[in-house]
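Laboratory data are not the source of any read-out in this text; all were calculated from the coordinates shown. Since we're looking at a predicted model, the values are computed, not measured. Neighbour counts are summed over all protein chains in view; Cβ atoms, including those assigned to glycine, are modelled from backbone coordinates with ideal geometry.
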């Protein structure tokens, strides 16, 4: 009796575990089967390297949007990475542990705010400030970068803190006892020992930034062009899919799936780099 | 007698627990002071209060005075970083910093602003030789310090303290995880080093104190029961607790 139920439990658990994996497989298959035929028909080169996106004329070049996605992600890194890493070092090295244990979950709450709220704040607060002080339409590459930079902070901070705390206390004590200040200990020992975890946190944040859609649609302005300054309005790959999918048909619809394929590949590459970096850290310990 | 440290009415608390009680002790220069006692008797806490490594325990509190060359190291205008350069420390766990052997040794001097290559190389050879490690590592100074064995890493830790040319060396059970040969090498090094340095050695191994220390202090439950010349402590202790401990009746 007991043996049977044990086996039953195992089967049910296996089924649930399997359904999660098969969901991923199905999504990948679906996107590829819808997107790849288009890429072969239209030509990879024309698709990736032309910036003419005029679905009604049958022109589907996503170069401008690739550039926009890369710039927005890069901008988010410039805003988020230094802030996040600095915050992680401050919380783990300068602040007593019990205070860190209060602040860290609070920062992680940032991840629980819906992205539409970030977008809303971007539209109502950030965009007007940028328009009034720097000119341009306000809804721009710059506002998207800043909003995304804030959105990826919890990812960067929380994974960085974990990897900094994983550095053995004996390294710190050894360095401090040799007359190093806390700052010297961070720059000469702790950063070195927690480097791979910090890099992984930044790459995971990068993956989040490149995939974010709602907030970007709301603050980036969405016009299809290669940006010449941070104040230009841009449309990212994700925004393009979300904006046009509801009415697209035929070739246009396939082109949007193909855009999804490009995004999918980029994010898989980023995540693999991050997981390799994280695994390297585990092995070292 | 020329004393390096003077400890006056030292009390130490973690939260409200009193872990050191009314310690009064003079530590003479250029001698080895051995501190023995069962675990939990406050030896390590006492040692760490001498170079203020306890500062990082935010719930700790200290009363009384610790004078180094006549100056109170807990005075608010005393430079903690300078103190740690003057009073070096070797920990119980032999851990090299995650860098090469060479970089481990020059870590302290570089912080001090010494960048002259020749001077640094000279320091490396001198310190590693004094720690009885030079012959074993001289051909692989660029390899990671973490590749060394436990005993070698502990001598590397000693060398990196020596490279700072401190006045005092604190050793916290430096041989607790080491084999007899490594232990002998460290003890040989200490015997040489006392000519130039004041050494304070906390040890769980009473025989080690008997072998290398000039003076020995016995700690029990946060109190210093007795201090005196090592030979006298081990042959005719004044207090019955000391006698019980060194003859192995407890601890």
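Observations, loosely collected:
- Spacing of the modelled spin labels on residue B:56 and residue A:9, each 7 Å from Cα toward Cβ, amounts to 4.3 nm.
- Looking at the range B:3-246, the DSSP beta bridges with both ends there are about 60 percent antiparallel.
- Among beta bridges that DSSP assigns inside the range B:103-251, antiparallel share in %, nearest 5: 55 percent
- Spin-label pair residue B:6-residue A:23: with each label point 7 Å from Cα along the Cα-Cβ axis, the two points sit 7.3 nm from one another.
- Å³ per residue enclosed by the Cα convex hull of the protein assembly as shown: 249 Å³
- Taking the longest Cα principal axis of chain B as reference, the axis of helix B:101-111 is set at about 70 degrees.
- Rg/Rg_globular for the range B:134-251, with Rg_globular taken as 2.2 N^0.38 Å and Rg from C-alpha atoms: 1.21
- Between the helical axis of A:63-89 and the longest alpha-carbon principal axis of chain A there is an angle of about 10 degrees.
- Averaged over A:178-190, number of beta-carbon atoms from partner chains that fall within 10 Å: 5
- Distance from the alpha carbon centroid of the range B:172-224 to that of the range B:226-240 works out to 16 angstrom.
- The protein assembly as shown - mean residue ellipticity at 222 nm from DSSP helices (-39,500 (n - 2.57) per run, n ≥ 4, rounded to 500): -17500 deg cm²/dmol
- Highest-MSF residue in chain A out of A:233, A:22, A:196 [GNM, Cα springs under 10 Å]: A:22
- Going from the fewest other Cβ atoms within 10 Å to the most, the residues B:176, A:275, A:194, A:92 appear in the order A:275, B:176, A:92, A:194.
- Calculated FRET efficiency for the pair residue B:81/residue A:280, C-beta based, R₀ 45 Å, to 0.05: 0.85
- Overall dimensions of chain B, expressed as equivalent-ellipsoid semi-axes from the Cα gyration tensor (√(5λ), whole Å, largest first), are 30, 22, 16.
- Histogram of C-alpha separations across chain A, 5 Å bin width, %: 1, 5, 10, 12, 13, 13, 12, 11, 8, 6, 4, 2, 1, 0, 0
- In degrees, nearest ten, helix A:250-284 long axis to first principal axis of chain A (Cα): 10 degrees
- Cβ-Cβ FRET estimate between residue A:67 and residue B:143, R0 fixed at 45 Å, reported to 0.05: 0.50
- The modelled label-to-label distance for the pair residue A:134/residue B:118, using points 7 Å beyond Cα in the direction of Cβ, is 5.4 nm.
- For the range A:242-266 versus the range B:97-129, the spacing of their alpha-carbon centroids is 60 Å.
- The value of relative contact order for chain A, using C-alpha pairs under 8 Å at least six residues apart, is 26 percent.
- Cβ crowding within 10 Å, taken as a proxy for footprinting-reagent exposure, orders A:57, A:29 from fewest neighbours to most as A:57, A:29.
- Put in order of Cβ neighbour count within 10 Å, fewest first, the listed residues A:156, B:200 become B:200, A:156.
- The range B:3-246: relative contact order in percent, alpha carbon pairs under 8 Å with at least 6 residues between: 28 percent
- Calculated FRET value between residue B:136 and residue A:268, using beta carbons and R₀ = 51 Å, to 0.05: 0.60
- Summarising the strand pairing of the protein assembly as shown, around 60 percent of its internal DSSP beta bridges are antiparallel.
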